[in-house]
Amino acid sequence: MNYIAVANQITALAYVAEIEAMKAANAERESKGLAQAYGDDEFLYIAGELHKLAQNTLENGWQK
């Protein structure tokens, strides 16, 4: 593992934290009878970013 893999892992963890915050915001709004703050598009965007990080790690994040 090299610095790219470490940076990608940290970024992935930040994305996971962002997803959890989005889920919590949606749950809070639902409990108040409000519309969701975040929809499928926002979650799918982050999923795409995580896929890019995974691919980047496979290509560049390991010692050869």
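The values are calculated or read from the model by the stated rules, or taken from the named source; none is laboratory data. Quick caveat: nothing in here was measured; it's all calculated off a predicted structure. With ideal geometry, Cβ positions are generated from the backbone for all residues, glycine too; neighbour counts draw on all protein chains shown. Note: accessible area is taken over every heavy atom of the protein model, side chains too, but ligands, DNA and RNA are not part of it. Shrake-Rupley method; radii C 1.70, N 1.55, O 1.52, S 1.80 Å.
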For region 1-23, give me the residue count where each residue is of a type in the set (Gly, Ala, Ser), more than 14 Å from the chain's Cα centre (by Cα) and farther than 11 Å from Thr57 by Cβ.
0
Can you find a residue that is part of a helix (DSSP H, G or I), among the aromatic types (Phe, Trp, Tyr) and open to solvent by 60 Å² or more (accessible area, probe 1.4 Å) anywhere in region 34-46?
yes
